[in-house]
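Asker: I have a structure I would like to understand better, so I am pasting it below and will then ask my questions one at a time.
Just so it is clear, none of the values below were taken in a lab; they were calculated from the coordinates. Since the structure is predicted, the reported quantities are computational estimates derived from the model, not experimental observations. Heads up, the Cβs are rebuilt from the backbone with ideal geometry, glycines too, and the neighbour counts pull from every protein chain shown.
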Ligand SMILES: Nc1ncnc2c1ncn2[C@@H]1O[C@H](COP(=O)(O)OP(=O)(O)OP(=O)(O)O)[C@@H](O)[C@H]1O
Ligand SMILES: [Mg+2]
C-alpha cells in the first residue's frame, strides 16, 4: 500500500491532532464517509482548540499506522465546564482530504445520487439533498385516514368517527404518546411510555426531542450548536442528515420518527380494529423542504402513506373554527415541548388563510424544565462537596421531577421535589428535597416567555395586523398552560386568550378533520404562504430573491440563469432563506445543463420557470438557450 499523503497545510500548522482508530477502509466508508463528504465531525475534547484553528485528523489502523488523513478547521468549540463534561468538544469542518480519504468520498458519491450547489464560491452550507419523487402509488391505498401530530415531546393520533374528531388513547390510557425511543443493549426498541420507564434507569439509551434535528444536515448550525446538550450522541448519516448513536447502534432520525409513527399506527389499528395505512401528519409551519421530506420519509418507513403534510397552526385553527362558520382573525400561540410558533390566520367560514408565521425550534417546555433542574441542582450542590450533575441517572430523575413540579405550578403556587437516595456519600445516602414557588419559577423562566412575545410581535407586524384587529388568541401546546404565559398575553392583548381547544390534542384533532375531508373527497380551503424566501444563486455567490417569505400561494416566477463564467455549464441552484450570501441559506435543490461544445453556450442564459401551487408543491422547469433541452425538478414544500 502506498503511504498516504499528508494534506496541506503542513503538519506544523495544526494546533492539535485527533487519532481515530479504524480496522480498514471499509470501516471508514461505513462510519465516516458521510462526515468526510459532508465536511463535518464532532470530536469530544475537554480543552478544544480555539475556533479557526486547524486540526489534523488521522484514521489509524490497530497497528498504529495511519491509513488516511484529513485537515479540518474548528468551527465551534465548547471547553469542559466540569470534569468529565461529556458535552465538551469541537465541531470540525474538513478543509482538505488526502487521496485515500478522497477516494472513499468519491466511492460514496458514485453510490448516492446527489445534487450539488453551483460552484465552490457559491456553496451553501455543505449538505446533500436527495429529491424524492412524489409518491404516486400504482394502487391508491384505501381505508381510514388518521390525523397525526408528531410532536417534539408528545405525539398524538386522532380520527373522525360519526362526524366527531376523537383522540385515540395509548395502551396506558393516555391521550398522547411520549416521543421517546429507547434502544436496549440487546437492540430491542421501546417506544412511548415504555421508553420513558426505561429512560429513568438508563438515560443514555433514550432518544428524545429528536424532532428538533429531524431533516437537518449534520453540519447544520442547529445540530452543531445544540446537539451536544442531549444525552445521546448525534452523528452524520446517509445523505448528510443526522442520526442518533446509542451504544453501537446508529439510527437515522427518520427511523426514530418511524418508530413513533408505527406505535401511533398500531394504537389506531387496535382501536379501530382494522388496518391503518394513511395519515395526515402535521409539522411546524416554518419547517423547510428537507425537514418535510424527512417527515415523509419517516411516514414511509412506518408503512403510512402520507396523504398530506399540514402545518400545525393551521390544524389547530381547524380544530378551533371548523364547522362554526365564523369570520375571525386569530393568533395561534403554540408553545409545545420543544418548539414555539406564532401564526396569524384569517378564518372565513371554512377557509383558513395563513397571513404570517414564524417559529423558534429551540424554545419550548424542555427549556422550562432545564431552568428548574439547574436551579435545584445548583441549590442542592451549594455547600455540599458533591456534584450530582455528573450522575446521568440522578440528573434524569431530577429532570422528571422538575417537569412534574412545573406542571403542578400551573395549578398550585408551590410544588415539592422529593428524591430519596439521589446520591451516595461516605456518610450515607443523600435525600434531595426542594420546594419551588411559582414566584421563583416565573423569575427563572420569564425571559423564555418574553422571547415568545417578541416573536408574536414580529409575526403580527409581518401580517400587518394590530392587536385591535385580532379576534382571538388561541392557546396551543402543553407549556401554554403556564399561568405566566396567559398573564403576559392578557397584558399584551387586553383580553383573555382562548382556551377553546385542548392544548395538546388540538393539532391532531384538526389533522383528523382534514383527513376526514380528504377521505370524503371534500375540498379543503387552506390558503398557505411561503414561510421562507426562495432564492437562486448567482455565479458570484450572491443570491437573488425569487419569491419572498409571506408570498401567497399559488405563486409563479420566471427568471434567467447565465452559464458560469469561463464554463459552458449552466446550473440552477435554489435556496431557502433570508440571507444575501448563498452559503448562509439552505439548499433546496439544483439542476444543471452540462457544458456543450459550442461557443454560443458562453454567456447564454437558461430560461427558468418556478411554480408553487396552492398546496405548496414546487416545480421548476428550465430550457437550455442553445440546445433547447428541457429539464424539470420537483420539490415539495408541503409534501403533497
Ligand atoms: N399543566 C402544564 N403546565 C405547564 N406545562 C405543561 C403542562 N402540561 C404539559 N406541559 C408541558 O408541555 C410540553 C409538551 O407540550 P406538547 O405536548 O404540546 O408538546 P409537543 O407537541 O410534543 O411539542 P412541539 O409542538 O414543540 O413539537 C412539555 O414540556 C410539558 O412539560
Ligand atoms: Mg405540538
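Asker: Work out, step by step, the length gained on full extension between residue 46 and residue 548: first 0.36 nm times the residue separation, then minus their alpha carbon distance; give nm to one decimal.
Answerer: Values: separation 502, 0.36 × 502 = 180.72 nm, distance 4.35 nm.
Gain in length upon complete extension: 176.4 nm.
Asker: In whole Å, how far is the Cα centre of region 278-354 from that of region 495-525?
Answerer: For region 278-354 versus region 495-525, the Cα centre distance is 9 Å.
Asker: Cα-based Rg of region 247-336 per 2.2 N^0.38 Å, rounded to two decimals? Before the final figure, lay out the partial values.
Answerer: Working: Rg = 15.7 Å, N = 90, 2.2 N^0.38 = 12.2 Å.
Working it through for region 247-336, the quotient is 1.29.
Asker: Using a 10 Å cut-off around each Cβ, can you sort 358, 461 from fewest to most neighbouring Cβ atoms?
Answerer: Result, fewest neighbours first: 461, 358.
Asker: Please compute the length gained on full extension between residue 23 and residue 602, using 0.36 nm multiplied by the number of residues separating them and subtracting their Cα-Cα distance.
Answerer: The residue 23-residue 602 span can extend by a further 203.6 nm.
Asker: With a Förster radius of 56 Å, plug the Cβ-Cβ distance of residue 611 and residue 95 into 1/(1 + (r/R0)^6) and report the FRET value to the nearest 0.05. Walk me through the numbers before you get to the answer.
Answerer: Values: r = 39 Å, r/R0 = 0.69.
Calculated value: 0.90.
Asker: With 10 angstrom as the radius, rank 492, 69, 486 by how many other C-beta atoms surround their C-beta, starting from the fewest.
Answerer: Details: 492 15, 69 22, 486 18.
So the ranking, lowest neighbour count to highest, is 492, 486, 69.
Asker: Still on this structure, I have one more. Quick check: Cα centre of region 234-249 to Cα centre of region 355-376, how many Å?
Answerer: That distance is 25 Å.
Asker: Could you tell me how far the Cα centroid of region 430-486 sits from the Cα centroid of region 578-613, in Å?
Answerer: When both Cα centres are located, 43 Å separates them.
Asker: Identify the residues of region 343-357 with backbone N under 12 Å of a label point that sits 7 angstrom from the Cα of residue 522 along the Cα-to-Cβ direction, or state none.
Answerer: Residues passing the 12 Å test: 350-351.
Asker: With a 10 Å Cβ neighbour count serving as the proxy for reagent exposure, in which order, fewest first, do 278, 382, 552 appear? Walk me through the numbers before you get to the answer.
Answerer: Details: 278 22, 382 7, 552 14.
Least crowded to most crowded, the residues run 382, 552, 278.
Asker: Using a Förster distance of 30 Å, how high is the FRET efficiency between residue 494 and residue 325, based on the Cβ-Cβ distance and rounded to 0.05? Write down the numbers at each step before the final one.
Answerer: Details: r = 27 Å, r/R0 = 0.89.
So the FRET efficiency works out to roughly 0.65.
Asker: Would you please put 405-416, 336-347 in order of how densely packed they are, using the mean number of other Cβ atoms within 10 angstrom per residue and starting with the highest? Walk me through the numbers before you get to the answer.
Answerer: Working: 405-416: 17.1, 336-347: 26.2.
Highest-to-lowest ranking by the protection proxy: 336-347, 405-416.
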